[in-house]
Amino acid sequence: MGASPALRLVGAGLLLALLCWASPQAEPSFRACPFYWLSGKPCPLCGLTRGLCALAKGHWSQAIHFNALSPLGFVLLFSLFWNAPWRPRLWTFGIAAFVIYGVCRLALA
């Protein structure tokens, strides 16, 4: 049995507050991405945390600069709080989009 709608709403609100509160550096001095360490190139998820924080603050252009798929990542993240029948299809599409984005990002980097 899933969590109550009120509990899900509180969880989503807390996550949004955390993303609004966090202010990661535009260019971090330390990158936590193992793919970046090994290849020197950004992975499909590089910049996503910074993009999610920018989106939570309403800075759309900055979020897309950090990671072009940060709006999709935002929707995927918050879809975890709802048990909608479309969620598995959304995640399938989202993962496919990130894979394609990653291939393009590597090819163009």
Filter the range 79-95 down to residues that are modelled with pLDDT of 95 or more and open to solvent by less than 50 Å² (accessible area, probe 1.4 Å), then give me how many there are.
2
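Going by the conditions given, is A32 among the small types (G, A, S), open to solvent by 40 Å² or more (accessible area, probe 1.4 Å) and either touching a residue at least 12 places away in the same chain (Cβ under 8 Å) or part of a helix (DSSP H, G or I) (or both)?
Details: among the small types (G, A, S): yes; open to solvent by 40 Å² or more (accessible area, probe 1.4 Å): yes; either touching a residue at least 12 places away in the same chain (Cβ under 8 Å) or part of a helix (DSSP H, G or I) (or both): no.
Taking the combined requirement at face value, the residue does not satisfy it.
Return the only residue of A12, A22, A68, A56 being touching a Leu at 6+ places or on another chain (Cβ under 6 Å), among the aliphatic types (A, V, I, L, M) and open to solvent by less than 70 Å² (accessible area, probe 1.4 Å). Quick ask: steps written out before the conclusion?
On the way: A12 fails: touching a Leu at 6+ places or on another chain (Cβ under 6 Å); A22 fails: touching a Leu at 6+ places or on another chain (Cβ under 6 Å); A68 fails: touching a Leu at 6+ places or on another chain (Cβ under 6 Å).
That would be A56, the only listed residue that is touching a Leu at 6+ places or on another chain (Cβ under 6 Å), among the aliphatic types (A, V, I, L, M) and open to solvent by less than 70 Å² (accessible area, probe 1.4 Å).
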Take the range 51-109 and flag every residue that is part of a loop (DSSP other than H, G, I, E, B) and under 22 Å from C33 (Cα atoms).
N67, A68, L69, A109
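The values are calculated or read from the model by the stated rules, or taken from the named source; none is laboratory data. Being a predicted model, the structure only gives us computed values, none of them experimental. Every residue, glycine among them, receives a Cβ derived from its backbone with ideal geometry; neighbour counts consider all protein chains shown. Heavy atoms of the whole protein, side chains included, go into the accessibility calculation; ligands, DNA and RNA do not. Shrake-Rupley method; radii C 1.70, N 1.55, O 1.52, S 1.80 Å.
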